[in-house]
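Please treat every number below as a calculation from the coordinates, not as lab data. It should be emphasised that the depicted structure is a prediction, and the values quoted were computed from it without experimental measurement. Neighbour counts run over all protein chains shown; Cβ positions are idealised from the backbone, glycine included.
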Amino acid sequence: MISYARQTQEEQPEAPTPVEEHIAPSPRVSVQAFCETVETAAAVQSAGEDRRLGKAHLKIQMGGMAAAIEAYRSAPTPNVIVLESDGRNDLLTGLDHLATVCDAGTRVVVIGRINDVMLYRELVRRGVSDYVLAPVGAIDVVRSICNLFSAPEAKAVGRIIAVVGAKGGVGASTISHNVAWAIARDLAMDAVVADLDLAFGTAGLDYNQDPPQGIADAVFSPDRVDTAFIDRLLSKCTDHLSLLAAPATLDRVYDFGTDAFDAVFDTLRSTMPCIVLDIPHQWSGWTKRALIGADDILIVAAPDLANLRNTKNLFDLLKASRPNDRPPLYCLNQVGIPKRPEIAAAEFAKAIESQPVVSIPFEPQIFGSAANNGQMIAEISANHKSIEMFLQIAQRLTGRSETKKQKSSLLSPLIEKLRGK
């Protein structure tokens with residue numbers, strides 16, 4: 001057993017879990033829980049179904065401390081042991097007995113009902129990794145286990161943002177590329193765009209990049225995927241933005257298994273603070289896995305009936321599959337096409353039971369010019385109103401505010417014009 005535990009609520013009160021809390025996923029570890037109450041067992045079971053513990057192998061048993069000591073007399077201990085206990089003296093005595101049968105390196109999380117600093121210090125002295133006050137919810141268990149493998153001094157694990165269209169042709173790729181540009185330029189976050197539409201992807205065209213290698217090289221050579229290999233495949237767009245381009249060729253068929261992109265995503269997480277996935281409009285095992293496994297999701301929809309139905313279906317599935325995450329976000333795009341009947345944003349929101357982040361108007365002139373020139377909207381028109389919308393989406397997806405602007409001066413208009421150029 002090794003240290004260290006979190007401070008108890010008495011020593012340092014914890015605020016309620018924020019909606020935007022980012023919990024890094026757990027690596028492939030074995031976890032065994034020994035519970036005393038069915039409520040805690042249910043919470044641990046629910047935690048095991050969370051996407052962030054998707055790689056962990058979880059086993060739940062009843063019996064608490066006594067069952068754990070008996071189990072490990074003749075069996076090796078897992079990476080993590082979760083123990084529920086409602087006593088104090090029995091807990092400390094039990095931990096001493098457990099230490100005699102516990103393998104070196106095993107981490108122990110204790111779920112207890114006593115909120116006492118002295119008990120906390122005794123647990124730390126005995127090498128307990130975390131102490132969580134009961135009653136616990138699934139997210140408490142997820143946070144406790146995942147945080148064991150996220151050392152404070154370690155580099156933060158990157159946030160994955162998935163962008164998908166509710167229907168083909170709604171401009172999801174354009175939105176994802178411009179939002180990634182806003183994340184990199186306005187929020188000053190290092191970001192990478194991964195174009196997952198290997199046959200018809202447009203990220204290379206939109207960023208005016210034609211790299212000889214891209215994401216296909218990683219997907220078809222999973223045994224070679226590591227940080228150095230991915231770095232060689234990245235194409236630099238700006239100081240803060242890189243691209244993992246799709247080949248956009250039809251010389252092979254791109255049929256993938258469910259976990260085909262796992263190694264790529266894991267490696268990107270370890271090197272980039274923000275990863276934007278441009279997911280094609282198709283339904284397969286790997287696209288579903290990419291959406292459910294993302295930290296945040298943006299659905300791009302046009303204001304018509306088919307998009308409303310598809311957005312509703314995606315919302316329902318993703319909320320059910322990600323009970324401990326905030327619901328996905330969505331935006332309306334291509335709003336106001338002349339002579340086209342549309343579903344009003346208010347009606348769309350009523351059916352989805354959620355408001356759109358933004359409603360982006362249909363402006364074919366500027367969006368078409370940007371696409372044909374291989375530029376972002378901000379490069380075509382520095383003051384266009386859609387730029388503020390892209391920034392708003394970026395802020396919601398990353399949980400960050402816009403970087404502070406300098407105080408205005410007489411030279412500000414000139415500076416802005418130079419930046420635009």
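Computed from the Cα positions only, the extents of region 260-317 along the three principal axes stand at 40, 22, 18 Å, in decreasing order.
Using a Gaussian network model of the chain in which every pair of alpha carbons under 10 angstrom is joined by a spring, one finds that among LYS55, LYS236, LYS350 the greatest mean-square fluctuation is at LYS350.
Couplings 3J(HN,Hα) of region 222-235, computed from phi: x, 6, 9, 5, 8, 4, 5, 5, 5, 4, 5, 7, 6, 10 Hz, in residue order, whole Hz [Karplus 6.51 cos²θ - 1.76 cosθ + 1.60, θ = phi - 60°; x for Gly and Pro].
Return the percentage of antiparallel bridges among DSSP beta bridges fully within the chain, rounded to the nearest 5 %. Antiparallel: roughly 5 percent of the beta bridges in the chain.
To the nearest 20 debye, what is the magnitude of the charge dipole of region 159-420 about its Cα centre, counting +1 on the Cβ of each Lys and Arg and -1 on the Cβ of each Asp and Glu?
Numbers: 26 positive and 30 negative charges, 171 e Å.
The dipole magnitude comes to about 820 debye.
For the chain, the gyration tensor built on C-alpha atoms gives a prolate shape. Its axis ratio a/c (a ≥ b ≥ c) is at least 1.5, and a/b is the larger of a/b and b/c.
Estimate the FRET efficiency between ARG125 and GLN61 by the formula 1/(1 + (r/R0)^6), using the beta-carbon distance for r and 22 Å for R0, to the nearest 0.05.
Values: r = 27 Å, r/R0 = 1.21.
E(calc), rounded to 0.05, equals 0.25.
For MET272, the residues whose amide H sits under 5 Å from its own are GLY158, ignoring neighbours fewer than 5 places away on the same chain, with H placed 1.01 Å from N.
Note that region 30-147, at 10 °C in a medium of 1.306 mPa s, gets a Stokes-Einstein diffusion coefficient of 113 µm²/s from its Kirkwood radius over C-alpha pairs.
A simple rule links phi to the HN-Hα coupling: the Karplus curve 6.51 cos²θ - 1.76 cosθ + 1.60 with θ = phi - 60°, which for region 201-208 gives x, 10, 4, x, 5, 5, 9, 6 Hz, with x for Gly and Pro. Using a Gaussian network model of the chain in which every pair of alpha carbons under 10 angstrom is joined by a spring, one finds that among ALA33, ALA75, ALA182 the greatest mean-square fluctuation is at ALA75. Within the listed set SER176, SER354, SER144, the Gaussian network model of the chain (springs between alpha-carbon atoms below 10 Å) gives the highest mean-square fluctuation for SER354. Extent of region 190-270 along its three principal axes (Cα atoms, max minus min coordinate, largest first): 33, 29, 18 Å. Given R₀ = 56 Å, what would the calculated FRET efficiency be for HIS384 paired with VAL38, taking r from the Cβ atoms and rounding to 0.05? According to the calculation, E is roughly 0.45.
Compute the distance in nm between two label points, each set 7 Å from the Cα along the Cα-to-Cβ direction, one at ALA344 and one at ASP251. Distance between the two pseudo-spin positions: 5.4 nm.
Note on ALA351 and ARG113: the extension gain reaches 81.4 nm, defined as 0.36 nm multiplied by sequence separation minus the Cα-Cα distance.
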